[in-house]
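Notes for the one structure printed next.
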Amino acid sequence: MKLVVGFLAYNEVSAKYLGEFLPSLRKALDFLPKPEFKILAFDNSEEDTKINRLAIEFFFRENPEEVGYYSQGKNLGFGAAYNFLIKKAKELEADYFLMLNPDTCLAPDAISLLMAALEEKKELAAASPKILRWNFSELKKTKQIDSVGLVLKPGLKFIDLGQGEEDKGQYDQAEILGPSGAAGLFRLSALEAIKEKDNYFDEQFFMYKEDCDLAYRLHKNNLKSVLVPKAIIYHDRTAAFYGRGIRAFFLNRRQLSKRVRAWSFRSQHFLFIKHFKTENLASRLLVLIKVFILFFFSLILEQFNLKEYKNIKKYWQSID
């Protein structure tokens, strides 16, 4: 039983979290009954600022063999960077791959509980922790749900189940499609089973919703995921949507940069294109309605998204 933990770094965006993230990861790994692991970090920073590398090297200075640091001096995107790390995990003959965002803080028993769930049921492909909101600016751990896993609604609408709600255990028995991209444990053999062109994540997404695509492909291949509600991880989400209703939607959206909104807009259309044919008629009709709504929404309120249609057309043409 060998575990590889992978996370991505990016300029100062990730560096500010490492002082909390790395100690919590270390404690969680020490909690494993038979610790056999390797930590792999990929730095997506466009320039070699050294800020992430130095922080990682300093933290693991007493056990440098525990960590591998990689960078190509540019931002490969979420999917490509994780594909690199997962392939490294395969070379290391790992059984499990734990995907973590560095803007998280782990409970000491989080990893051991996730591992136990997959060890107990060999048919499971992935395990999701219960992810709660972390108010990093105040270093405050809350009871507000960030995600208990991804679920799919008609019209290829993927949501982080429970996001924004107070955790009262209401989703502890929920069935999920797969883990959120913020944190999830995967059986490496399951990832091998859903590879596309020797890749695990679809690299054309670049950023946002790659986890939705991966979860959907696991589901379509009858590879099940499970929520482990006692495995708690706290997350300071960048593209968060907390609250309900139209007013909350616009307030949350205004907090996101244009680049983030454009990436999300593009990736949502990629999901539509890629999985449209596998949906039933009712879901397909909803997808078509959403495509028109997104177009007019962008035309009126977010014109910067319109340039993404060039990328959307290219993706459409690339699908077999």
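Rule-based calculations on the coordinates, nothing more; no lab input. Computed from a predicted structure; not experimentally measured. Using ideal geometry, Cβ is built from the backbone for each residue, glycine included, and neighbour counts are taken over all protein chains shown.
Quick notes
- Only Cα pairs under 8 Å and 6+ residues apart enter the sum, and on that basis the relative contact order of the chain stands at 18 percent.
- q = 0.12, 0.16, 0.28 Å⁻¹, segment 257-318: log10 I(q)/I(0) [Debye, one scatterer per Cα]: -0.29, -0.51, -1.24
- In nm, spacing of pseudo-spin labels at Phe297 and Leu281 (7 Å Cα→C-beta vector): 2.7 nm
- Rg/Rh for segment 55-178, where both radii come from Cα atoms and Rh is the Kirkwood radius: 0.98
- Mean residue ellipticity (222 nm) of the chain, computed from DSSP H runs ≥ 4 via -39,500 (n - 2.57), nearest 500: -12000 deg cm²/dmol
- Candidate membrane-span-like segments in the chain, meaning DSSP H helices with Cα atoms spread over at least 27 Å of their own axis and a Kyte-Doolittle mean of 1.6 or above, are 281-300, with no membrane implied.
- In this calculation the C-beta distance from Gln317 to Asp95 is compared with R0 = 45 Å, giving a FRET efficiency of 0.75.
- Under-5 Å amide H pairs with Lys224, H placed in peptide plane, nonlocal only: Ala125
- Cα-Cα over 26 Å, subset of Lys74/Lys197; Lys50/Lys87; Lys277/Lys310; Lys230/Lys290; Lys88/Lys224: Lys230/Lys290
- Under 18 Å from a label point set 7 Å out along the Cα-to-Cβ vector of Asp198, the amide N atoms of segment 82-100 belong to 82-93.
- Cα convex hull, the chain: 137 Å³ per residue, rounded to a whole number.
- Computed from point charges on the beta carbon alone (+1 for Lys and Arg, -1 for Asp and Glu), the dipole magnitude for the chain about its Cα centre is near 1260 Debye.
- Taking 0.36 nm per residue of separation and subtracting the current Cα-Cα distance, fully stretching the chain between Ser189 and Asn11 would add 60.9 nm.
- Note that segment 135-222, at 4 °C in a medium of 1.567 mPa s, gets a Stokes-Einstein diffusion coefficient of 90 µm²/s from its Kirkwood radius over C-alpha pairs.
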